[in-house]
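**Q** Quick one: the structure is below, questions incoming.
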């Protein structure tokens with residue numbers, strides 16, 4: 001279940017067009033693959049993105065995919081040879 005803060009922030013960004021800049025921060029944690037990792041290769045990185053940013057990004061990407069599909073199908077019909 002999504003909390004009120006996440007829901008309000010999500011709707012404010014989508015409805016009012018607020019900037020994503022304030023929430024577009026990602027932290028990277030390095031987790032060692034074995035007990036004593038000496039080099040960077042010995043670590044696994046994990047991105048800790050903001051949940052609101054991930055939700056907004058996913059909704060925008062899905063909407064753009066739908067728009068591109070409609071545009072592509074419309075152009076396809078126009079470019080098909082008639083006859």
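The values are calculated or read from the model by the stated rules, or taken from the named source; none is laboratory data. This one's a predicted model, so the numbers in the text were calculated from it and none came from an experiment. Note: ideal-geometry Cβ built from the backbone for every residue, glycine included; neighbour counts use all protein chains shown.
**Q** Within the range 25-46, can you find the residues that are part of a strand (DSSP E or B) and modelled with pLDDT under 75?
**A** 26, 27, listed by residue number.
**Q** Is it the case that the range 52-74 has a residue that's touching a strand residue (DSSP E or B) at 6+ places or on another chain (Cβ under 6 Å) and closer than 30 Å to residue 13 by Cα?
**A** Within the range 52-74 (the criterion being touching a strand residue (DSSP E or B) at 6+ places or on another chain (Cβ under 6 Å) and closer than 30 Å to residue 13 by Cα), the answer is no, since none of the residues qualifies.
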